[in-house]
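A short worksheet on the structure shown next.
The values are calculated or read from the model by the stated rules, or taken from the named source; none is laboratory data. None of these values were measured; they are calculated from a predicted model. Methodologically, a virtual Cβ is constructed for each residue, glycine included, from the backbone with ideal geometry; neighbour enumeration extends over all protein chains shown. Areas reflect the complete protein model, heavy atoms only, side chains present, ligands, DNA and RNA absent. Shrake-Rupley method; radii C 1.70, N 1.55, O 1.52, S 1.80 Å.
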Amino acid sequence: MKLRTAPQRLNQGLLQGIQWLPQLVVLQGWWLLYTVPLVTSVAATRALIEVLDLLRKDPQQEATSGQLFRQRFHQLRKRKSDWFFSGAMGLILLDSLILGRIQQSFFQLLSATLLVVFVLCMFVLFYQTLAGGHNAETFPKLWVSFYLFGRQPKKVIAYLLWTACFTFILVLFGPVYLLVLGVSGWILGNIYIYHK
């Protein structure tokens, strides 16, 4: 009996992935557009997380995914604390890229460490956004989100494994797929892990 259900689950997963693909591409495009001014990158990421979570719960939304994204972004962009967080995350990523260009092992190690810190910040941002629901006023503080995120070691390991697998797949297929599906696909996988 298990042999019959495994292919059915695989087929169902593939069909869901194919159904998600156009929405992920559209949302990735909107996310890229709204992160061009770096101070709005956190608001755009929060909007992407919330829209993907809404679409996961109710795939038959009346509004298109682009409309939902723009509505949520315009509500979230007013948070001044997110502007600071956007700047800090941008500097971490920029420093990691600059240090990665220096061909000495110490600087390569610093670059990798900053990249890990950036990914952890993304996890905390993700967790804070979903823990606050869809109300920007109820987001828990960052340190509280970090504490709550760390209290679930199985999910932390699942997030890290999903990130490693997703990165490997994108590197395998090429950087174009990172632009087309990168952040939206990664966040959707994390949302499924969060709700398990």
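Could you say which residue among Trp186, Trp83 is open to solvent by 80 Å² or more (accessible area, probe 1.4 Å), touching a residue at least 24 places away in the same chain (Cβ under 8 Å) and either out of contact with any Ser or Thr (no Cβ under 6 Å at 6 or more places or on another chain) or not in a helix (DSSP H, G or I) (or both)? Before the answer, list the steps.
Numbers: Trp186 fails: open to solvent by 80 Å² or more (accessible area, probe 1.4 Å).
Residue meeting the stated conditions: Trp83.
Inspect all residues belonging to segment 118-136 and state whether any of them is open to solvent by 70 Å² or more (accessible area, probe 1.4 Å), part of a helix (DSSP H, G or I), among the β-branched types (Val, Ile, Thr) and at pLDDT below 85.
For segment 118-136, residues open to solvent by 70 Å² or more (accessible area, probe 1.4 Å), part of a helix (DSSP H, G or I), among the β-branched types (Val, Ile, Thr) and at pLDDT below 85: absent.
Given (1) farther than 24 Å from Lys196 by Cα; (2) at pLDDT below 80; (3) open to solvent by less than 70 Å² (accessible area, probe 1.4 Å), where does Pro7 come up short, assuming only one miss?
(1)
I'd like to verify a number: residues in segment 50-79 that are free of Cβ contacts under 8 Å to residues at least 40 places away in the same chain, hydrophobic (A, V, I, L, M, F, W, C) and more than 19 Å from Val36 (Cβ to Cβ), how many?
3
Can you name every residue in segment 169-182 that is open to solvent by 30 Å² or more (accessible area, probe 1.4 Å) and within 14 Å of Val119 (Cβ to Cβ)?
none
Kindly indicate whether Lys196 is loosely packed, with under 14 Cβ neighbours inside 10 Å, closer than 18 Å to Ala131 by Cα and modelled with pLDDT of 85 or more.
Details: loosely packed, with under 14 Cβ neighbours inside 10 Å: yes; closer than 18 Å to Ala131 by Cα: yes; modelled with pLDDT of 85 or more: no.
Considered against the rule, which asks whether it is loosely packed, with under 14 Cβ neighbours inside 10 Å, closer than 18 Å to Ala131 by Cα and modelled with pLDDT of 85 or more, Lys196 comes out as no.
Return the residue satisfying two criteria in turn: it lies in segment 70-117 and is over 18 Å from the mean Cα position of the chain (by Cα) and among the aromatic types (Phe, Trp, Tyr), and of such residues it is modelled with the lowest pLDDT.
Phe84
Please state which one of Arg46, Arg56, Arg77, Arg72 is open to solvent by 70 Å² or more (accessible area, probe 1.4 Å) and charged (D, E, K, R).
Of Arg46, Arg56, Arg77, Arg72, the one residue that is open to solvent by 70 Å² or more (accessible area, probe 1.4 Å) and charged (D, E, K, R) is Arg77.
I want to confirm something. Restricting to segment 143-166 and keeping residues that are open to solvent by 70 Å² or more (accessible area, probe 1.4 Å) and either in contact with a Lys or Arg (Cβ under 6 Å, 6 or more places away or on another chain) or modelled with pLDDT under 85 (or both), which single residue is nearest to Val116 (Cα to Cα)?
Restricting to residues being open to solvent by 70 Å² or more (accessible area, probe 1.4 Å) and either in contact with a Lys or Arg (Cβ under 6 Å, 6 or more places away or on another chain) or modelled with pLDDT under 85 (or both), the top hit is Phe146.
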